[in-house]
1. Between GLU77 and ARG20, what is the label-point separation in nm under the 7 Å Cα-to-beta-carbon projection?
2. Taking the Cα-to-Cβ direction at LEU131 and at ARG161 and moving 7 Å from each Cα, how far apart do the two end points lie in nm?
3. Let me know the charge dipole size of the range 4-252 about its Cα centre in debye, to the nearest 20, where only the beta-carbon of Lys, Arg (+1) and Asp, Glu (-1) is charged.
4. Using the Cα centre of the chain as origin and beta-carbon charges of +1 (Lys, Arg) and -1 (Asp, Glu), tell me which of ALA35, PHE159, GLN130 is placed farthest towards the positive end of the dipole.
5. What are the ³J(HN,Hα) values, in whole Hz, obtained from phi via the Karplus relation 6.51 cos²θ - 1.76 cosθ + 1.60 with θ = phi - 60°, for each residue of the range 78-94 in sequence order, with x given for Gly and Pro?
6. Extension gain LEU176-GLU145, at 0.36 nm per residue separation less the Cα-Cα distance, in nm?
7. Taking the Cα atoms of the range 4-252, report the difference between the largest and smallest coordinate on each principal axis, in whole Å and largest first.
8. Most fluctuating residue of VAL61, VAL142, VAL246 in a GNM of the chain with Cα springs under 10 Å: which is it?
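Please treat every number below as a calculation from the coordinates, not as lab data. All of these numbers come straight from a predicted model, not from anything done at the bench. Note that we place each Cβ from the backbone using ideal geometry, even for glycine, and neighbour counts take in every protein chain shown.
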Amino acid sequence: MRKALVAGNWKMNGSMASNRELLSALKEAIPGSDAVDVAVCPPAVYLPDVRAQLQGGSIAVGGQDCSDETSGAYTGEIAAGMLKEIGCEYVIVGHSERRARQREDSDWVARKFIAAQAAGLVPILCVGEQLADREAGQTEAVVAEQLDAVLDQAGVAAFERGVVAYEPVWAIGTGLTATPEQAAEVHRFIRDRVAARDSSVAGGLRILYGGSVKADNAAGLFALPDIDGGLIGGASLDAGSFVAIVNAAGAARGPGTP
Ligand code: PEP
């Protein structure tokens, strides 16, 4: 069975003091389990302190983005190797906020995915459609384009050490959530598309759902067979909510789960 992953994307939130308070609550409530991996992805400037606070515990640390380059004249960028050096295990690539604000296209995101893996990080590749895409019946076409760019450039075997997060853009930070049926349909589509290239890689691939996951809707989403956890934005900033979501993922992977 695939081990679930719940990753908190803190986005541009937090402070030294509020991070420490949140982390101390998480450390206490999340002892680590065989059923679910847990990670937090704070803003880059806080990574060293977050890593230090979590030292010796079960919660991993990830970046929110990395450069596709390894070093050089790229002002403001952070290389994947630098994230690795300070103790990150994961990095989010291709988040819809960056695809929109920084105009990251799928080829660029694919290069970031490759750079992350080359540095020894596990990339969490975000894919997902805008509301207009869904209304136009283009959800699968959009997700396929975002996924194929990475499959083509990195090769399907790279997905043995990667994670995909399906995040419908219209559900991010809006309070709207894909229904379990809508999410299940796209998750199945993603797994089938990877399986068309390599069914064993597809079978082991963790596909997370993201988009207004909260304590009260997590269990319904995580119960679905192709949903292997979540990428959590807003609710990851509240210890009680994040712990409840982690517990829901653990329960979905508990005894008797197929
Ligand atoms: C995200 O930004 O990855 C996300 C899923 O945000 P939220 O949970 O706030 O919708």
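1. 3.5 nm
2. About 4.0 nm, to one decimal.
3. 440 debye
4. Checked the options; the winner is ALA35.
5. 10, 6, 4, x, 5, 4, 4, 4, 8, x, 6, 10, 10, 8, 6, 10, x
6. Difference between extended and current length: 8.8 nm.
7. 46, 45, 33
8. Greatest mean-square fluctuation among the candidates belongs to VAL142.
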